[in-house]
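Everything below concerns the one structure shown next.
Every number in this text was worked out from the coordinates using simple rules, so none of it is lab data. If you're wondering where the values come from, they're calculated on a predicted model, not measured in any experiment. Don't worry about glycine lacking a Cβ; one is built from the backbone with ideal geometry, like all the others, and counts go over all protein chains shown.
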């Protein structure tokens, strides 16, 4: 597996609107993209810094993954996302090397859809406590 780039870094926040005020002063702009991902139970403001996305994530559910992360660890960096040509191929390669993946709670599937592509999470216990995301844009499969 050869990552093509750091795609984005996600920061878990308790209050997205409050966090935006701080970060927009630092970044000097509003978000490049805003969205709600219902299956992942998150509301996101994404800012492009060069070619890397910086995402502020707020849970839309008191028992969602981001809410659980906040309860355990507080606010801060939650996800490092690597852009890959094919998420499916990367998952197959890392699974063969013994890396465990986090299945989607609603489906149990490792590969999850997003905007024409797919992503998957390597379990943080396997990569020094980092929730590592592998993501593609759908053109490599």
Antiparallel content of DSSP bridges confined to segment 5-135, in %, to 5
75 percent
Expressed in Å to one decimal, the Kirkwood Rh of the chain from all distinct alpha-carbon pairs is 15.5 Å
Using 0.36 nm per residue, how much length does the chain from residue 2 to residue 68 gain when fully extended, once their Cα-Cα distance is taken away?
20.7 nm
So what's the angle, to the nearest 10 degrees on a 0 to 90 scale, between helix 16-27 and the longest Cα principal axis of the chain?
90 degrees
What helix-only [θ] at 222 nm does the chain give? Using -39500 (n - 2.57) per DSSP H run of at least 4, over all residues, to the nearest 500, the answer is -6500 deg cm²/dmol
GNM on the chain, Cα springs under 10 Å; top mean-square fluctuation among 96, 67, 45 goes to 96
For peptides 10-19, 78-87, 23-32, sequence by mean Cβ density within 10 Å, most packed first:
78-87, 10-19, 23-32
Based only on other Cβ atoms within 10 Å, what is the fewest-to-most ordering of 133, 40, 34?
34, 40, 133
Quick one: check the C-alpha center-to-center distance for segment 1-50 versus segment 60-139, whole angstrom.
16 Å
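Take the eigenvalues of the Cα gyration tensor for segment 29-108, scale each by 5, and report the square roots as semi-axes in whole Å, largest first.
The three semi-axes for segment 29-108 are 24, 19, 12 Å.
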